[in-house]
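The values are calculated or read from the model by the stated rules, or taken from the named source; none is laboratory data. Bear in mind the structure is a predicted one, so any value in this text is a computation, not a measurement. Don't worry about glycine lacking a Cβ; one is built from the backbone with ideal geometry, like all the others, and counts go over all protein chains shown. Side chains are part of the model used for accessible areas, which takes the heavy atoms of the whole protein and leaves out ligands, DNA and RNA. Shrake-Rupley method; radii C 1.70, N 1.55, O 1.52, S 1.80 Å.
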Amino acid sequence: QICNQHNAEAPNLEKVFHRMAHTEPNLDHDISWFLLPSYWAKLLVALISFLCFANSYDGDFVFDDSEAIINNKDLRAETPLGDLWHHDFWGSKLSSNTSHKSYRPLTVLTFRINYLFAGGFYPVGFHVINIILHCTISVLMVDVFSILLGGLQFSNKGRRLNLAPKTSLLAALLFAVHPVHTECVAGIVGRADLLCALFFLLSFLGYCKAFRENKEGHNFSIFWVLVSVILGAIAMLCKEQGITILGLNAVFDVIVINKLNVLELIQKLLHKDKSLEHAGLLRKGLLFRITLLMSGGASILYIRWRIMGTGPPAFTEVDNPASFADSLFVRAINYNYYYSLNAWLLLCPWWLCFDWSMGCIPLIKSVSDWRIIALAALWLCLIGLMCQALCSQDSHKRRILTLGLGFLIIPFLPASNLFFRVGFVIAERVIYLPSIGYCILFTYGFSLLSKQAKKKKILAMVVLGILLVNVMRCALRSSQWRSEEQLFRSALSVCPLNAKVHYNVGKNLADKGNQSAAIKYYREAVRLNPKYVHAMNNLGNILKERNELQEAEELLSLAVQIQPDFAAAWMNLGIVQNSLRRFEEAEQSYWTAIKHRKKYPDCYYNLGRLYADLNRHIDALNAWRNATVLKPEHSLAWNNMIILLDNTGNLAQAEAVGREALGLIPNDHSLMFSLANVLGKSQKYKESEALFLKAIKANPNAASYHGNLAVLYHRWGNLDLAKKHYEVSLKLDPMAPGTKENYNLLRRKLEQLQRKGG
């Protein structure tokens, strides 16, 4: 649908467009830079952006990828697709008290498609899609920057003109190679920011399509305005920042389409100047389009609010310390300091870190703190740019500076803590969209310097050097994101005061079996943050495994004292108390853990072990049965049920439980082994033999498997095979209990048979 809004007082718009193309200053005129055809410019940007992040394609799942992808049940085929619309980004129900309210169903849907096509959790496919998305976005930026820097103008045939091919290429290259984007591209959870940016840009380009020129005068297409709103909604369903494109489209309409002087407009509104009636706002359809954008945005936010509910996300003080400060002054000062650090990351993206929380940036608590200088510098720059954007007599400068500041500030607003508390101090991923504004301002500054400089080529070489340094920094940072070990260790030099960095290095070492080194980092994490309950829990676990039970109990007791609903710490405390033979306290700790986490199969499993130690067999079986109901693939619980029933002579029941377990976990060799033992005792030798052999095929180096199969052959009278498997068992484990005695018995029997035969 086309709305014809004819302005009788204005000359033919087509002529206006072409006259503007000649009279407006051209940024390209003064800079010494590459001039390439549009196709080659886009190909160059795609190639450079690919080279920056190509080495991340075969990286692992790292950091938040575990929670958002590996542990997210919404990716699995058995989860109904409809659940994606009621769960947050991490797979939790939006109604849950623990939900972060990050509603990004379309991003999760792309993860699910990745998972289904790959046939499992193979990170290569996930990384490749991220790299392709960034390349696509960088290519789109050539068109976006050509509009933002050169203006929106069309040829007689309705084809959009690129009036700034050099500067749009430079700005797109700056965007493509910015190292701060590494987290979005090399970290798989950054898919949310990439998809959001893609639809964000498509929404902007769609809005621009609404203003094609034709012979009837100044027209705009309602269809393309509505498409822009829909694309903005899709961007928001990928990540929350997407909604801000509707505000930016409105700013673009005011500044570029209607060419209004914002300062003059504000003055006229304040003085109720009647000349506003002749400003052409209604005739050009500005108010109508702004109303469409505002109505669309309000509707999107209302629907999202209805889906999410009214409850705010639950964050802790360690996530965002400034937001928990009692003093409004302290909160304001620190928020502004965070803004200055984000600005510094755009200007000098050398010190990059996967996490900036937990003491990485100590709070500013007084005006005597030297870091106040950073706030002053930030606001001096912003106020200076804003004054030029509002008051400059040069309309071209006003337009570019306003758009640059708009794209820098507006997409950052959801992460600013101004409207609601966010769960981070600084997050490099949220600067992905604001970096568009930075690239506009950088490119405009470069054009102004080039205009004044006598040796333009030297200035161009400096900018080219910046691009090359950024390419190398991207490649280095991408390699750090390939594995958790490299990623976590890279943060030690950037944020040595961050307890979470030390915690993650320790966790990575513990997962690799290096407990001694892990203890060192866990202790440092607890020293830096004495209330870090997760570090206490993990350190307590390691000490428990090393039989340092007294210190383990102290740490875990302190953890549950600090956070009484910490179910995992209660369970681990119960395990330690059980080892110390304080059974009543252990039982109480287990039940406290279950009270705080109703569906806790591991806790039921450990409770069952406690009851088995106390010879409370029925209670043990019930606890293990609860574990398998909550987690049908809980192999240890199934095994313990089979073994307990076997040991108490309930062979028929043990066989039934074993068959039920193998029906659910058919490839578990430990279950095959346990059921084979039961069948052997029940004299079902053939079936028992088949299960033993299957278990040995799956795990050929288990001495007990060979030893028990030898016992089966011994009972069955197949003495040669019994001898063979006894020998294999003893070779694998010379100290295997009972095997040597059985083997000696078999040898004596074979010797007796030989003598009789002789």
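Quick check: with the 1.4 Å probe, what order do LYS731, LYS500 take by accessible area, largest first?
On the way: LYS731 175, LYS500 40 Å².
Ranked from most to least accessible, the order is LYS731, LYS500.
Explain nothing, just the number: relative contact order of the chain, from Cα pairs under 8 Å at least 6 residues apart, as a whole percent. Write out the running numbers ahead of the final one.
On the way: 1089 pairs, mean separation 84.6, N = 758.
RCO, the chain: 11 percent.
Taking the square root of 5 times each eigenvalue of the Cα gyration tensor, what semi-axes in Å does the equivalent ellipsoid of the range 498-598 have, largest first? Walk me through the intermediate numbers first.
Values: eigenvalues 103, 45, 23 Å².
Equivalent ellipsoid semi-axes, largest first: 23, 15, 11 Å.
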| query | Per the Debye formula with a single identical scatterer at each Cα and no solvent contribution, what log10 I(q)/I(0) holds for the range 325-478 at q = 0.08 Å⁻¹? | reply | -0.28
| remark: For the range 241-256, in residue order, the Karplus 3J(HN,Hα) values (coefficients 6.51, -1.76, 1.60; θ = phi - 60°; whole Hz; Gly and Pro = x) are 4, x, 5, 5, 5, 5, x, 5, 4, 5, 4, 4, 4, 5, 7, 9
| request: Output the Kirkwood hydrodynamic radius of the range 447-550, Cα pairs only, in Å rounded to one decimal. | output: 16.6 Å
| query | So how exposed is TYR39, as accessible area in Å² (1.4 Å probe, rounded to 10)? | reply | 150 Å²
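Please go through the range 391-462 and write out the trypsin sites (Lys or Arg not before Pro) that DSSP classes as loop and that have at most 15 other C-beta atoms within 10 Å. Present the calculation step by step, with values, prior to reporting the outcome.
Working: sites: LYS397, ARG398, ARG399, ARG421, ARG429, LYS451, LYS454, LYS455, LYS456, LYS457; in loops: ARG421, LYS454, LYS455.
Here the sparse-neighbourhood loop sites are ARG421, LYS454, LYS455.
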| task | With θ set to phi - 60°, apply the Karplus curve 6.51 cos²θ - 1.76 cosθ + 1.60 along the range 647-660 and write out the HN-Hα couplings as whole Hz, x wherever there is a Gly or Pro. | result | 5, 9, x, 8, 5, 5, 5, 4, 5, 5, 5, x, 5, 4
| query | With axes computed from alpha carbons, what is the tilt in degrees of helix 601-613 against the longest principal axis of the chain, rounded to the nearest 10 within 0 to 90? | reply | 20 degrees
| said: Using amide H atoms built in the peptide plane, which far-off residues or other-chain residues are under 5 Å from PHE154 H to H? | reply: LEU161
| message | On C-alpha positions alone, give me the angle between the axis of helix 372-391 and the longest principal axis of the chain, in degrees, nearest 10. | response | 40 degrees
| said: Ordering HIS29, HIS86 by accessible area with a probe of 1.4 Å, largest first, what comes out? | reply: HIS29, HIS86
| query | Just by accessible area at a 1.4 angstrom probe, what is the order of LEU390, LEU497, LEU730 from largest to smallest? | reply | LEU497, LEU390, LEU730
| message | Given bins 10 angstrom wide, list per bin the percent of all Cα-Cα distances in the chain, short to long. | response | 3, 11, 18, 20, 16, 11, 8, 6, 4, 2, 1, 0, 0
| note | Inter-part gap, Cα centre of the range 355-411 to Cα centre of the range 592-620, in whole angstrom, is 56 Å
| Could you list, bin by bin from short to long, the percent of Cα-Cα pairs of the range 614-733 in 10 Å steps? | 15, 43, 31, 10, 1
| query | Over all distinct alpha-carbon pairs, what is the Kirkwood Rh of the range 81-234 in angstrom? | reply | 17.8 Å
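Between rounded, prolate and oblate, where does the range 633-702 land on the alpha carbon gyration tensor, with a ≥ b ≥ c its root eigenvalues, rounded for a/c under 1.5, else prolate if a/b exceeds b/c?
Working: a/c = 1.74, a/b = 1.15, b/c = 1.52.
Cα axes put the range 633-702 in the oblate bin.
Which three numbers, in whole Å and largest first, are the semi-axes of the equivalent ellipsoid of the range 691-758 derived from its Cα gyration tensor as √(5λ)?
23, 13, 8
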| query | What aspartates and glutamates could a cross-link reach from LYS239, if we take a straight Cα to Cα line under 14 Å and drop same-chain neighbours fewer than 8 places away? | reply | ASP88, ASP193
| request: For PHE220, list long-range residues whose amide hydrogen, built 1.01 Å from N in the peptide plane, is under 5 Å from its own amide hydrogen. | output: CYS3, GLN5
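Determine by what factor the alpha-carbon radius of gyration of the range 35-308 differs from 2.2 N^0.38 Å, reporting the quotient. Don't jump to the answer; show the numbers that get you there.
Numbers: Rg = 21.2 Å, N = 274, 2.2 N^0.38 = 18.6 Å.
Its radius of gyration relative to the 2.2 N^0.38 Å reference: 1.14.
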| query | lysines near LYS520 by alpha-carbon distance under 26 Å, same-chain residues fewer than 8 away left out - which ones? | reply | LYS500, LYS507, LYS512, LYS531, LYS544
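Can you give the accessible area per residue of the range 325-478, in Å², using a 1.4 Å probe? Could the numbers behind the result be given before it?
Values: 7210 Å² over 154 residues.
Result: 47 Å² of accessible area for each residue.
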| said: Please list, in order along the range 190-197, the HN-Hα scalar couplings obtained from phi with the Karplus expression 6.51 cos²θ - 1.76 cosθ + 1.60 (θ = phi - 60°), rounded to whole Hz, x for Gly and Pro. | reply: x, 3, 4, 5, 5, 5, 4, 4
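Could you quote the convex hull projected area for the range 399-469, Cα atoms only and averaged over all directions, in nm²?
On the way: hull surface 24.3 nm².
Projected area, direction-averaged: 6.1 nm².
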| trypsin sites (Lys or Arg not before Pro) within the range 305-384: which are DSSP loop residues with at most 13 other Cβ atoms inside 10 Å? | LYS365
